[in-house]
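The structure appears below as structure tokens.
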Amino acid sequence: MTSTAPAEAGTSAASPQKRTIVLLFAGLMVTMLLASLDQTIFSTALPTIVGELNGVDHMLWVTTAYILASTIMLPVYGKLGDLIGRKGLFIAAIGLFIAGSIVGGMATDMTWLIAGRAIQGLGGGGLMILSQAIIADVVPARERGKYMGVMGGVFALSSVAGPLLGGWFTESIGWRWAFWMNIPLGILAIASAIVFLRLPKGAQRRPRLDFAGMGLLAIASTCLVLVTTWGGTTYDWDSAVIISLIVGTVVAAVAFVLVERRAVEPIMPLKLFKDRNFNLSTIAGLIIGIAMFGALAYLPTYLQMVTGANATEAGLLMIPMMAALLLTSIFSGQLVSRTGRYKWLPIVGTAIVAVSLVLLSTMTPSLPVWVLCSYLAVMGIGLGMSMQILILIVQNSFPVSQVGTATASNNYFRQIGASLGSAIVGSLFVARLTELLADRMPAGASAASGSSNSFTPAIVKALPAPVRDVIVGSYNDALTPVFLYMVPLILVAVVLLCFVKEKPLATTIERDAVSTSLEIDGSTSTVLASADDLDRAASDTSLRSAGDDEREEELVTPRL
């Protein structure tokens, strides 16, 4: 007997998901906005916050606590999402983020403020990763480009909106609203997830978690982040503390690799690194992270010291870069979804980033501001063509059951690149600046102008013209060569991306219904089943077949 399931069954089952995808995506964008805003909103509010709470000496930890907690949690959320499902984990991450916001908003001293930021980081590490993985759960790779492009645009928007919003809160209704605003937005994101998010459940059995791997990765990440945060600032690079942290990073990383080779469910499976596209995209992402965050970390300082802009104006001068990133990211995502071709985009985009770094290395104190802004826009175009496409390449290389782990691992190394970039650029910039000021400062001017450690834009602006020109020139000549130093590194990323294999973008999700013919008891039936169901059916059939073979062997072979 032959029976055929109507094709409309799959269509009607999928149509509710299609009707709610826009609303679900809007909820994910709110979540990503929460996470990305929180990385930038305190940059302008922090001086006021630490002043009120009498904690200037602990100011660094307000940022470090969040970065450290979120970096450690990236692979954890990715792996757990693949094992137990992403919906409950997503809601829990938002809940943690809201809890951290409440603690931070009610903080009466620096200890509570730092604790709140750490709790925010524990949740924030999952917001962006799970949002990217959830899109892979509900949107085929061929259509995913346009969604990933908008995600990149949200990041660009928050990079400009965060500092401006933080400054406005500080000067008007109070800095605590930088925390309070997360509560209604978080509740909205949770409601959206509950109502619109329909995802397959994870394993019904209790997962075997890789606690040893999590611990070693946390140790390695902590040591590395502290090296990049403290090195050359709080401690000298050759100090016992920094050397100990570097040794700790290496030892923990080696132990992590050894543990992952034996783990049943490794937090970062080593088999990921057997995929060429994953390796090339991840290394390129790490390099882009070094260049992007290395440049972004010190460009606002450059703009204030050299052009005389205040903090708010310096933030506004970054708008051309972020606007270019926003528009290019959305356009490139749409282009990928329309054509299915993607390999050329990150290659060209990364090459454009290299061009922008060359342009930035030519800056002078007399350069018109509009020219400087155009250089930043060139960098934004390059980043918009590459960042989100690299994530799409990684996701397209693995089945949906592993997409969370792969996405998280890729983002983890990009975050490591961001930390390294800030540290490397900062170390080179500060060392060169100190040397130039010592060589160029006129005799007796140091006493009149104060220590170079106490220079602020306002102080520099009030200095006599000869001294001010020396300081401005030193800032310019200390930073601009660093951009040129990063160009060869970016060109390495361009070459690596040329070896990416352009695999066709999937037009269906692994769990989408497919038509298949099964022979049961001599009859053939055409049915609609998911790929996961087919895998389970094949596994059950092979087990039953093996059992039948064993029983047959028992019948013909007497036991002794």
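Of the residues in region 189-203, not one is assigned to a loop (DSSP other than H, G, I, E, B), in contact with a Gly (Cβ under 7 Å, 6 or more places away or on another chain), of a type in the set (K, R) and at pLDDT 80 or above. For the residues S366, S422, S386, S397, the requirement of being surrounded by fewer than 24 Cβ atoms within 10 Å (Cβ to Cβ), among the small types (G, A, S) and more than 29 Å from G473 (Cα to Cα) singles out S397. For residues in region 86-112 being within 24 Å of the chain's Cα centre (by Cα) and among the small types (G, A, S), which is surrounded by the fewest Cβ atoms within 10 Å (Cβ to Cβ)? Applying the filter and picking the extreme gives G95. Close contacts from region 102-115, counting a first residue that is assigned by TED's automatic domain parsing to the domain that holds W180 and farther than 22 Å from P184 by Cα and a second that is among the polar types (S, T, N, Q) and part of a loop (DSSP other than H, G, I, E, B), with Cβ to Cβ under 9 Å and a gap of 6+ residues or different chains, come to D109/N54; M110/N54. Selection of first residues in region 338-359 that are assigned by TED's automatic domain parsing to the domain that holds A377 and touching a residue at least 60 places away in the same chain (Cβ under 8 Å) and of second residues that are crowded, with 20+ Cβ neighbours inside 10 Å and among the hydroxyl-bearing types (S, T, Y), restricted to Cβ pairs under 7 Å at least 6 apart or on distinct chains, gives the following pairs, ordered by first then second residue: P346/S386; T350/S386.
Just a yes or no: is a residue in region 256-272 modelled with pLDDT of 90 or more, outside the structural domain of T405 (by TED's automatic domain parsing) and β-branched (V, I, T)? There is at least one residue in region 256-272 that is modelled with pLDDT of 90 or more, outside the structural domain of T405 (by TED's automatic domain parsing) and β-branched (V, I, T). Of the residues making up region 375-400, those that are outside any helix (DSSP H, G or I) and among the polar types (S, T, N, Q) number 2. Reported count of residues in region 166-188, each being crowded, with 20+ Cβ neighbours inside 10 Å, assigned to a helix (DSSP H, G or I) and of a type in the set (A, V, I, L, M, F, W, C), is 3.
Table: residues versus (1) in contact with a helix residue (DSSP H, G or I) (Cβ under 6 Å, 6 or more places away or on another chain); (2) hydroxyl-bearing (S, T, Y).
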site	(1), (2)
A314	yes, no
M322	yes, no
L345	yes, no
A351	yes, no
T364	no, yes
P368	no, no
G384	yes, no
V394	yes, no
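Select from region 131-158 the residues that are of a type in the set (A, V, I, L, M) and more than 13 Å from N396 (Cα to Cα) and list them in ascending order. Within region 131-158, I134, V138, V150, M151, V154, A156, L157 qualify.
Okay, residues lined up against (1) modelled with pLDDT of 85 or more; (2) over 22 Å from I194 (Cα atoms):
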| residue | (1), (2) |
| --- | --- |
| S101 | yes, no |
| G104 | yes, yes |
| T108 | no, yes |
| I114 | yes, yes |
| L122 | yes, no |
| M128 | no, no |
| A133 | no, no |
| V138 | no, no |
| E143 | no, yes |
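Every condition in (1) of a type outside the set (S, T, N, Q); (2) assigned by TED's automatic domain parsing to the domain that holds L428; (3) free of Cβ contacts under 8 Å to residues at least 60 places away in the same chain holds for I243 except the one numbered (2).
Does region 297-312 include one or more residues that are under 23 Å from F413 (Cβ atoms) and at pLDDT 85 or above? No, that holds for no residue. Modelled with pLDDT of 85 or more and outside the structural domain of S158 (by TED's automatic domain parsing), is that true of P320? The answer is yes for P320.
Quick one: how many residues across region 224-273 are under 22 Å from the mean Cα position of the chain (by Cα) and surrounded by fewer than 14 Cβ atoms within 10 Å (Cβ to Cβ)? The number of residues fulfilling the criteria is 3. The residues of region 370-383 that are of a type in the set (G, A, S) and crowded, with 23+ Cβ neighbours inside 10 Å, listed by number, are G380, G382.
The values are calculated or read from the model by the stated rules, or taken from the named source; none is laboratory data. Nothing here was measured: the structure is a model prediction, and the numbers come from that model. So basically every Cβ, Gly included, is an ideal-geometry build from the backbone, and we count neighbours across all protein chains shown.
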